[in-house]
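The values are calculated or read from the model by the stated rules, or taken from the named source; none is laboratory data. This one's a predicted model, so the numbers in the text were calculated from it and none came from an experiment. Positions of Cβ are generated from backbone atoms using ideal geometry, with glycine treated the same way; all protein chains shown enter the neighbour counts. What goes into the accessible areas is simple: the full protein's heavy atoms, side chains included, and nothing from ligands, DNA or RNA. Shrake-Rupley method; radii C 1.70, N 1.55, O 1.52, S 1.80 Å.
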Amino acid sequence: MKKGIGKAISVLAGGVAGALAGGAAIGSQMGKRLQKREDYSQKILSYYFIYNQWLSLHQQGKSLVDYFEKNGYKTIAIYGMRELGERLYDEIKDSSITVKYIIDKNADAIYADVDVVAPEDHLEPVDVIVVTACYFFDTIERELSAIVKYPVVSLEDVVYGV
C-alpha cells in the first residue's frame, strides 16, 4: 500500500513538474511574442514622430534638401527603401542632391531609378549615407562605420536637423 502511495506521489510530482516546465515554455513563447509586438509598436511610434516632423517642415515651406545643402552634402546613399526611404528619394530626386545608390538587404527585390546594392556589396564613396530604418540605426551605423569612412546619419537626424 505504501509503495502504491509513493508511486502515486511520484507520478503526481512528475506531472506537476512537467506542467510547470510546459507552462514555463509557453510563458517564454508568450513573452517573446509580447516583446516582438512591443518592439514593433515602438518602431511604428518612432516613424510616426518622424513623419509628423517632416509634415511640419513641409507646412513651413522647408525641405530635407535644406539639411543636405546646409551640411555640404551633394551626393548621398539611402539605406533602406521601404516607406521612409521611398519618401526621402521622392523628395530629393529632382533637387541639387544626387542619390548615387540605395542600400537595402533585399536589393534583388528593389526596383528604383538608381543602383540598388546590398550592405555587403562594395559601397562607392558618397558624402553621407542616410539610414531610413531609424529604429535600427545604432546597429546599422555600427556595421556601416566599420566599412566606410564617411558620415552615416539617421533620417531622424535629418528631419530634426532642418
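A few notes on this one:
- Across the cross-link table entries 32/93; 36/74; 36/100; 105/149; 62/105, which are compared at the Cα atoms, the separations over 29 Å belong to 32/93; 36/74; 36/100; 62/105.
- A simple rule links phi to the HN-Hα coupling: the Karplus curve 6.51 cos²θ - 1.76 cosθ + 1.60 with θ = phi - 60°, which for region 112-122 gives 8, 6, 10, 4, 10, 10, 8, x, 7, 6, 5 Hz, with x for Gly and Pro.
- Accessible area of region 36-132 belonging to carbon and sulfur atoms, whole % at 1.4 Å probe: 47
- Applying both filters, DSSP loop and at most 16 other Cβ atoms within 10 Å, to the trypsin sites (Lys or Arg not before Pro) of region 67-157 gives 74, 82, 93, 105, 149.
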